[in-house]
Amino acid sequence: MDLAFEPARTALVVIDLQRGIVDAPTSPRPASDVVARVAAIADALRGAGGTVVLVHVTPSEDGRDALRPITDAPAWRPGPRSPDWAQLVPELGPLPGDILITKRQWGAFYGTELDLQLRRRGIGTLLLAGISTNVGVESTARDAYERGYQQVFVEDAMAARDATEHEHTVRTVFPRIGRVRSTADVLAALGAGTKQD
């Protein structure tokens, strides 16, 4: 099915494309491919009058706001992080007009002003991309679904730590809460074809 959406009412929500995350191994594609595709979509959407939201994750300086539930496989790995760990990759900007969101947990809605900023701009459709597919992107997507947003998941503009985790989310979760498409599909819908400047 062809993809159609109104750019002025659409936001690209980019999850955690920051130094400390893109430097780690990803699958089924390297982080560099994810960054390049997200940058192409961001440029096209900005040019079409849409909104780009750049989300990054970092604990507070003292780390006391980190989640620490008892789990079988802890997600929190305490320890020193490089000074640029939370810095967004330069390929994405930010550029004037972009929305910057700092989150303290997996999802980009909880405890942030993301929903407020989107609704004030009349945004109804979200294009989601970033790392990690099954953690930050999926958590954000589930919250967006419960808030009534239309969603397009740009499958080849996201990755996870393991290909199996990525595939599970893309095949079993995303189709139930939105549409799974490719970078080429999104660029075509924005009138940008498949060109990636």
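The values are calculated or read from the model by the stated rules, or taken from the named source; none is laboratory data. A quick note: this is a predicted structure, and the numbers were derived from the prediction, not measured. With ideal geometry, Cβ positions are generated from the backbone for all residues, glycine too; neighbour counts draw on all protein chains shown.
Things worth noting here:
- Top-ranked residue of region 134-156 - restricted to ones that are within 12 Å of residue 16 (Cα to Cα) and of a type in the set (A, V, I, L, M), ranked as surrounded by the most Cβ atoms within 10 Å (Cβ to Cβ): 137
- Qualifying positions in region 134-154 - of a type outside the set (Val, Ile, Thr), under 11 Å from the mean Cα position of the chain (by Cα) and closer than 21 Å to residue 7 by Cβ: 141, 153
- Answer residue from region 119-133, given it is over 26 Å from residue 168 (Cα atoms) and without any contact (Cβ under 8 Å) to a residue 40 or more places away in the chain and is surrounded by the most Cβ atoms within 10 Å (Cβ to Cβ) among those: 119
Condition check ((1) touching a Cys at 6+ places or on another chain (Cβ under 6 Å); (2) in a helix (DSSP H, G or I); (3) without any contact (Cβ under 8 Å) to a residue 24 or more places away in the chain) across all residues:
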position	(1), (2), (3)
135	no, yes, no
145	no, yes, no
158	no, no, no
166	no, yes, no
171	no, yes, yes
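- Taking first residues from region 10-39 that are more than 21 Å from residue 185 (Cβ to Cβ) and partners that are part of a loop (DSSP other than H, G, I, E, B) and of a type in the set (Val, Ile, Thr), the Cβ contacts under 7 Å between residues at least 6 apart in sequence or on separate chains come to 18/89; 19/89; 22/89.
- With respect to the conditions (1) in contact with a helix residue (DSSP H, G or I) (Cβ under 7 Å, 6 or more places away or on another chain); (2) modelled with pLDDT of 95 or more; (3) not in a strand (DSSP E or B), residue 130 lacks only one, and its number is (3).
- Just one of the listed residues (29, 37, 64) is at pLDDT below 95 and either under 17 Å from residue 157 (Cα atoms) or not in a helix (DSSP H, G or I) (or both), and it is 64.
- Residue among 81, 120 that is of a type in the set (Lys, Arg) and modelled with pLDDT of 95 or more: 120
- Some residue of region 46-53 being polar (S, T, N, Q), at pLDDT 90 or above, assigned to a strand (DSSP E or B) and within 22 Å of residue 144 (Cα to Cα): yes
- Pairs where the first residue, in region 85-113, is farther than 12 Å from residue 136 by Cα and the second is part of a loop (DSSP other than H, G, I, E, B) and basic (Lys, Arg), C-beta under 8 Å, 6+ apart: 111/104
- Single match in 172, 125, 164, 112 (criterion: β-branched (Val, Ile, Thr), out of contact with any strand residue (DSSP E or B) (no Cβ under 7 Å at 6 or more places or on another chain) and more than 23 Å from residue 23 (Cα to Cα)): 172
- Only a single item in (1) farther than 25 Å from residue 33 by Cα; (2) assigned to a helix (DSSP H, G or I); (3) out of contact with any strand residue (DSSP E or B) (no Cβ under 9 Å at 6 or more places or on another chain) is not met by residue 91, and it is number (1).
- Taken as a whole, the structure places residue 53 among residues that are in contact (Cβ under 8 Å) with a residue 40 or more places away in the chain, aliphatic (A, V, I, L, M) and under 21 Å from residue 139 (Cα atoms).
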